[in-house]
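Read the structure below first, then the notes.
Just so you know, all these numbers are worked out from the coordinates, no wet-lab data involved. On a predicted model such as this, the values are computed, not experimentally measured, just so you know.
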Amino acid sequence: MKPDFLSFLIAGALVTGIFLVNRGFEGDVIAAHAATSAFSVHEIEKGASVAPQRRRALRRAISTDSKNLLDQPGYFIRAVLSEPEMIRRDSPTVVWQYRNASCVLDLYYTTQQKNELKAPVVHYEIRAREKGVRDEDVQESCVRDLARAHSGKNFIRPESFYRQSY
């Protein structure tokens with residue numbers, strides 16, 4: 001009887017530990033908006049790095065709703081999505097493009113400066129890459145998948161332990 005109880009305690013501690021670790025790495029959507037004003041222009045010019053918790057909060061915000069991309073400076077977008085695969089400059093508009101197997105994300109900045117890292121995203125477009133797939137079908141998953149691909153951490157979610165019933 002004691003080994004069964006001990007196994008039960010170990011399993012419970014393991015599940016609780018996974019849950020707490022996951023909760024610790026989840027960001028708050030509201031904190032992402034606060035994170036955007038946390039750096040001054042002077043700090044951005046000097047190359048200040050984005051704190052991991054702020055990066056997670058912003059990743060969570062844009063993964064939850066792609067509209068949260070709007071008004072985010074290029075500095076924070078680059079911290080979450082990494083370097084764009086393509087940059088097109090048509091003064092005063094700059095377009096950063098991110099791609100994965102299913103979608104293309106274009107971020108538009110309007111700035112007179114040579115460095116768009118301080119400029120906010122003024123518009124974005126999400127398109128499907130596969131023929132026969134509507135753009136609307138990839139809207140929700142595109143930014144989430146791009147952010148997840150560059151997060152560097154993929155922890156087990158508690159939902160994966162539950163069996164889905166159809």
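List of remarks:
- Karplus 3J(HN,Hα) series, Hz, for the range 100-114 with 6.51 cos²θ - 1.76 cosθ + 1.60 (x for Gly, Pro): 9, 5, 10, 8, 10, 10, 10, 10, 10, 10, 10, 7, 8, 7, 7
- Cα centroid separation, the range 52-72 to the range 103-120 (Å): 16 Å
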